[in-house]
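Student: Sharing a structure below in structure tokens format, with a few things to ask.
The values are calculated or read from the model by the stated rules, or taken from the named source; none is laboratory data. Predicted, not measured: the structure shown is a model, and the values here were computed from it. Glycine also receives a Cβ, built like all others from the backbone with ideal geometry; neighbour counts cover every protein chain displayed.
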């Protein structure tokens with residue numbers, strides 16, 4: 001009986017290892033934190049906020065994380081005598097796509113690729129890293145040359161722990177890096193509205209992407225497969241017509257154009273299974289963007 005118990009228990013342990021159920025994997029967020037580096041010492045243990053507790057941690061702005069698919073965040077400070085403090089936050093998202101979305105949102109649609117495949121974007125006293133389901137934010141709390149230099153060391157140390165290719169959603173690939181300064185992925189109306197407040201009501205989209213170049217914004221809005229895109233397009237146009245800030249609606253080619261209060265031209269049309277929206281100063285530029293996007297979409301399976 002005792003031998004039988006040992007065999008069963010060993011099998012359970014093996015299954016847990018195979019399916020990522022070990023204690024170490026359960027606490028992977030904790031494992032990402034670097035140890036004490038060059039006399040930068042962790043202050044206490046990381047705080048954790050899960051689900052709706054995020055609203056207790058972030059004073060405004062938690063909604064956008066929830067829309068992208070937030071699971072939990074771990075945060076802790078490091079301190080070095082005579083240098084200051086550095087904060088490290090590890091956001092665990094629902095999926096690599098969700099993680100990329102909040103990463104693209106926080107970096108304003110810009111990023112670089114590190115040698116080990118992670119994405120990151122450095123700012124003077126602030127760095128974001130993307131890997132797998134994780135967004136890691138490193139911030140200099142005390143702004144000086146020592147903390148600025150230290151956050152670069154922290155980034156490289158963390159990247160060694162989470163090396164691997166980040167997942168860029170296919171809809172983002174419709175915007176070539178060379179043609180668009182910024183590329184942002186969103187998973188709901190809140191993400192869209194943070195780029196441009198297009199509609200006040202829910203648009204019904206599943207997800208989308210924005211490409212920004214020379215002050216022009218092009219949105220690609222995606223809806224559930226099987227839904228009638230033409231019907232969604234008609235509903236969106238009806239929503240836009242209820243907005244008092246828009247004027248001079250006109251049917252042009254296969255879409256609808258109108259102006260916002262700043263006299264930006266907005267042109268909306270259907271391309272393939274997507275609804276595409278151009279916002280800019282000149283309609284001709286919009287048509288050029290539509291031709292470019294149309295060619296790109298036509299080769300997407």
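Student: In segment 151-172, how many are assigned to a helix (DSSP H, G or I) and either touching a strand residue (DSSP E or B) at 6+ places or on another chain (Cβ under 7 Å) or touching a residue at least 60 places away in the same chain (Cβ under 8 Å) (or both)?
Tutor: The total comes to 11.
Student: Collect the residues in segment 222-242 that are outside any loop (DSSP other than H, G, I, E, B) and within 10 Å of residue 206 (Cβ to Cβ), keeping them in residue-number order.
Tutor: 222
Student: Right, another one. Assess whether residue 190 counts as being assigned to a helix (DSSP H, G or I), touching a helix residue (DSSP H, G or I) at 6+ places or on another chain (Cβ under 7 Å) and outside the structural domain of residue 28 (by TED's automatic domain parsing).
Tutor: Criteria met by residue 190.
Student: Here is a further query. Condition first: assigned to a helix (DSSP H, G or I), free of Cβ contacts under 8 Å to residues at least 40 places away in the same chain and over 22 Å from residue 178 (Cβ atoms). Can you find one or more residues in segment 114-124 that meet it?
Tutor: Within segment 114-124, not a single residue is assigned to a helix (DSSP H, G or I), free of Cβ contacts under 8 Å to residues at least 40 places away in the same chain and over 22 Å from residue 178 (Cβ atoms).
Student: Using beta carbons and a limit of 8 Å, which pairs, at least six apart or on different chains, have the first residue in segment 90-109 and outside the structural domain of residue 191 (by TED's automatic domain parsing) and on the phi > 0 side of the Ramachandran plot and the second one buried (at least 22 other Cβ atoms within 10 Å of the Cβ) and outside any loop (DSSP other than H, G, I, E, B)?
Tutor: 108/184; 109/183; 109/184; 109/210
Student: Filter segment 36-81 for residues that are in contact (Cβ under 8 Å) with a residue 12 or more places away in the chain and at positive phi and give the result.
Tutor: 38, 39, 44, 51, 69
Student: Does residue 209 fit the bill of being under 22 Å from residue 178 (Cα atoms), at pLDDT 90 or above and assigned by TED's automatic domain parsing to the domain that holds residue 186?
Tutor: For residue 209, the condition - under 22 Å from residue 178 (Cα atoms), at pLDDT 90 or above and assigned by TED's automatic domain parsing to the domain that holds residue 186 - is met.
Student: I'd like the residue in segment 87-128 that is in contact with a helix residue (DSSP H, G or I) (Cβ under 6 Å, 6 or more places away or on another chain) and surrounded by 23 or more Cβ atoms within 10 Å (Cβ to Cβ) and, out of all such residues, is nearest to residue 154 (Cα to Cα).
Tutor: Once the filter is applied, the top-ranked residue is 128.
Student: Being free of Cβ contacts under 8 Å to residues at least 60 places away in the same chain, closer than 22 Å to residue 181 by Cβ and in contact with a strand residue (DSSP E or B) (Cβ under 9 Å, 6 or more places away or on another chain) is true for just one of 251, 276, 268. Which residue is that?
Tutor: 276
Student: Residues in segment 225-246 that are under 17 Å from residue 196 (Cβ atoms) and in contact with a strand residue (DSSP E or B) (Cβ under 6 Å, 6 or more places away or on another chain): how many?
Tutor: Number of matching residues: 2.
Student: Could I ask something else about it? Of the conditions (1) at pLDDT below 90; (2) within 19 Å of residue 192 (Cα to Cα), residue 291 clears all except one; give me its number.
Tutor: (2)
Let's see how each residue does on (1) more than 21 Å from residue 105 (Cβ to Cβ); (2) touching a strand residue (DSSP E or B) at 6+ places or on another chain (Cβ under 6 Å); (3) surrounded by fewer than 16 Cβ atoms within 10 Å (Cβ to Cβ):
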{"position": "42", "(1), (2), (3)": "yes, yes, no"}
{"position": "45", "(1), (2), (3)": "yes, no, yes"}
{"position": "59", "(1), (2), (3)": "no, no, yes"}
{"position": "62", "(1), (2), (3)": "no, no, no"}
{"position": "68", "(1), (2), (3)": "no, no, no"}
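Student: Let me confirm something: among 109, 82, 101, which residue is at pLDDT 95 or above and part of a loop (DSSP other than H, G, I, E, B)?
Tutor: 109
Student: Let me ask you something else. On the basis of being under 18 Å from residue 46 (Cβ atoms) and assigned to a strand (DSSP E or B), does residue 74 make the cut?
Tutor: yes
Student: Still on this model: Testing residue 73 on (1) modelled with pLDDT of 95 or more; (2) surrounded by fewer than 20 Cβ atoms within 10 Å (Cβ to Cβ); (3) over 18 Å from residue 186 (Cα atoms), one condition comes back false. Which one is that?
Tutor: All conditions are met except number (2).
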